[in-house]
């Protein structure tokens, strides 16, 4: 019995360290949580089954964005997913890849078939632009400013909807409030 108690205490201690380490890695920064839908696409899509979520944490040092993208029930096969620079009801250029099956920056992970979860980290080297809209490659601070201004969106593209099947405007201050309207 004492052995089991020691084991339980050891497991609890390790679990506590994992939580503390995870919080330290994430840096205790700002959170973003949004639901993706076809109705936020521009132009809107009637992907009645496609759904997804985008959750992210901006590190306290503001040098990284840790993200988790989930998508399911897409009407087409997923081709790629990105963060774009564009306001509500506007299409914009790609700022950072989340995953791709059709080419992208070296090291970009493949998009698994739906349903799936994709996780990763965005750092300065992952910001590719859009230069034509004023965000230079590597300009992580500009991407953060755009996220805080509510002028970025997560977009999942598919074979049926190449321009995007599901989308969510990223606004860390609202944390999904627009989804409740």
For this session: Return the residue satisfying two criteria in turn: it lies in region 51-63 and is out of contact with any helix residue (DSSP H, G or I) (no Cβ under 8 Å at 6 or more places or on another chain) and buried (at least 21 other Cβ atoms within 10 Å of the Cβ), and of such residues it is nearest to residue 147 (Cα to Cα).
Result: 56
For this session: Of the conditions (1) modelled with pLDDT of 90 or more; (2) within 21 Å of residue 131 (Cα to Cα), residue 89 clears all except one; give me its number.
Result: (1)
Exercise. Can you tell me which residue in region 105-150 is farthest from residue 88 (Cα to Cα), limited to those that are more than 14 Å from the chain's Cα centre (by Cα) and buried (at least 19 other Cβ atoms within 10 Å of the Cβ)?
Worked result: 114
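Does residue 49 qualify as being without any contact (Cβ under 8 Å) to a residue 40 or more places away in the chain, closer than 21 Å to residue 159 by Cα and assigned to a loop (DSSP other than H, G, I, E, B)? Full working, then the answer.
Working: without any contact (Cβ under 8 Å) to a residue 40 or more places away in the chain: yes; closer than 21 Å to residue 159 by Cα: yes; assigned to a loop (DSSP other than H, G, I, E, B): yes.
Against the criterion (without any contact (Cβ under 8 Å) to a residue 40 or more places away in the chain, closer than 21 Å to residue 159 by Cα and assigned to a loop (DSSP other than H, G, I, E, B)), residue 49 qualifies.
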Seminar exercise, completed: Only one of (1) over 24 Å from residue 131 (Cβ atoms); (2) touching a residue at least 60 places away in the same chain (Cβ under 8 Å) does not apply to residue 62, and that is (1)
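Based on what the data block shows, is residue 126 modelled with pLDDT under 95 and either closer than 13 Å to residue 52 by Cβ or in contact with a strand residue (DSSP E or B) (Cβ under 9 Å, 6 or more places away or on another chain) (or both)?
On the way: modelled with pLDDT under 95: no; either closer than 13 Å to residue 52 by Cβ or in contact with a strand residue (DSSP E or B) (Cβ under 9 Å, 6 or more places away or on another chain) (or both): yes.
No.
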For this session: Report yes if residue 70 is under 13 Å from the mean Cα position of the chain (by Cα), closer than 23 Å to residue 113 by Cβ and either part of a strand (DSSP E or B) or modelled with pLDDT under 95 (or both), otherwise no.
Result: yes
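So, residue 164, is that one touching a helix residue (DSSP H, G or I) at 6+ places or on another chain (Cβ under 9 Å), in a loop (DSSP other than H, G, I, E, B) and closer than 18 Å to residue 50 by Cα or not?
Details: touching a helix residue (DSSP H, G or I) at 6+ places or on another chain (Cβ under 9 Å): yes; in a loop (DSSP other than H, G, I, E, B): yes; closer than 18 Å to residue 50 by Cα: yes.
Spelling it out, residue 164 is indeed touching a helix residue (DSSP H, G or I) at 6+ places or on another chain (Cβ under 9 Å), in a loop (DSSP other than H, G, I, E, B) and closer than 18 Å to residue 50 by Cα.
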Exercise. Is it the case that residue 95 is at negative phi, modelled with pLDDT of 95 or more and in contact with a strand residue (DSSP E or B) (Cβ under 9 Å, 6 or more places away or on another chain)?
Worked result: yes
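The values are calculated or read from the model by the stated rules, or taken from the named source; none is laboratory data. What you see is a predicted model; the values in this text were computed from it and never measured. Backbone-built Cβ (ideal geometry, glycine too); neighbour counts: all protein chains shown.
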